[in-house]
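Participant: Take a look at the following structure, please.
What follows draws every value from the coordinates through simple rules; no lab data is involved. Remember, it's a predicted structure, so these values are computed and weren't measured experimentally. Cβ placement follows ideal geometry from the backbone for every residue including glycine, while neighbour counts extend to all protein chains displayed.
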Amino acid sequence: MASDPFWLFGYGSLIWKPDLPYSDRVPARLPGWSRRFWQGSHDHRGLPDAPGRVVTLIESAQDRCDGVAYRVPADAAATVLAGLDHREKNGYERHRVKLETSSGEALEALIYVAAPGNFAWLGPAPLAAIAAQIARAQGPSGSNREYLQRLAESLRTLGSDDDHVFALEALLPSDKT
Ligand code: BEZ
């Protein structure tokens, strides 16, 4: 199937583990949205009876979400979209948004968002409770702790000041393993 090339905005594990072919990678920001650990993960960083928490985006006019935009070339576009639709089947839906790159360029991109009320939605909770849940959870893709720590490291590298992510990282109980 012929497809057009597209930009994909990564704001979670796509930042450090894109696992997709791309021809360009640029730091970018998404105005009007906040990143939150409010989506349950029953299939990657948790299990059906012990879900982890992963990020989704919440509309928030005053905020912005920092991440990375990937340019997916035409010859890979259909396969990449089919793969992401499958990987993100746990409540995420595709949206089209406008990004700003770090050099001030405007980019139209696809994002995956898990909306409030989807079947895997966990929603807000006290930060200490979210951190404790993340510290416990494990799934087929690895520990939920690793997901949070790698996200925090990647955001530091990007120069982002994401208070929600850094507060959760600071609240993680020490790793006894
Ligand atoms: C990501 O940016 O890693 C991402 C987050 C949620 C769904 C799909 C991708």
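Participant: With the dipole of the chain worked out from charges on the C-beta (+1 for Lys and Arg, -1 for Asp and Glu) around the Cα centre, which of Val72, His42, Tyr92 lies farthest toward the positive end?
Facilitator: Most positive-ward Cα: His42.
Participant: Taking amide H positions as placed 1.01 Å from N in the peptide plane, with prolines and chain starts having none, which residues 5 or more places from Ala115, or on another chain, fall under 5 Å of its amide H?
Facilitator: Excluding prolines and chain starts, which carry no amide H, the hits are Glu93.
Participant: For the stretch 1-157, just the Cα set please: Rg and Dmax, both in angstrom.
Facilitator: Rg and Dmax of the stretch 1-157, Cα atoms, are 15.3, 47 Å.
Participant: Given charges of +1 on the Cβ of Lys and Arg and -1 on the Cβ of Asp and Glu, with all other atoms neutral, how large is the dipole of the stretch 1-41 about its Cα centre, in debye to the nearest 20?
Facilitator: Numbers: 5 positive and 3 negative charges, 58 e Å.
It comes to approximately 280 debye.
Participant: For the stretch 91-155, just say rounded, prolate or oblate: build the C-alpha gyration tensor, square-root its eigenvalues into a ≥ b ≥ c, call rounded for a/c under 1.5, and beyond that prolate if a/b exceeds b/c, oblate if not.
Facilitator: Details: a/c = 2.25, a/b = 1.54, b/c = 1.45.
It is prolate, given that a/c is not under 1.5 and a/b is the larger ratio.
Participant: Suppose the chain between Arg156 and Ser103 were pulled fully straight at 0.36 nm per residue; how much longer would it get relative to their current alpha carbon spacing?
Facilitator: Values: separation 53, 0.36 × 53 = 19.08 nm, distance 1.82 nm.
Stretched fully, the Arg156-Ser103 segment lengthens by 17.3 nm.
Participant: Next question, about the same structure. Quick check: from the Cα gyration tensor, does the stretch 43-110 come out rounded (a/c under 1.5), prolate or oblate? If you can, show how the numbers build up before the last one.
Facilitator: Details: a/c = 2.58, a/b = 1.29, b/c = 2.00.
Verdict is oblate for the stretch 43-110.
Participant: When only DSSP loop residues count, what trypsin sites (Lys or Arg not before Pro) in the stretch 68-157 have their Cβ near at most 11 other Cβ atoms within 10 Å?
Facilitator: Details: sites: Arg71, Arg87, Lys89, Arg94, Arg96, Lys98, Arg136, Arg145, Arg150, Arg156; in loops: Lys89.
Loop-located and lightly packed - Lys89.
Participant: Counting other beta carbons within 10 Å of each residue's own, what order do Glu100, Glu105 fall into, fewest first? If you can, show how the numbers build up before the last one.
Facilitator: Values: Glu100 15, Glu105 11.
Result, fewest neighbours first: Glu105, Glu100.
Participant: Right, here's the next one. Charges only on Cβ, +1 for Lys and Arg, -1 for Asp and Glu: so what's the dipole of the stretch 1-84 about the Cα centre, in debye to the nearest 20?
Facilitator: Here the stretch 1-84 has a charge dipole of around 280 debye.
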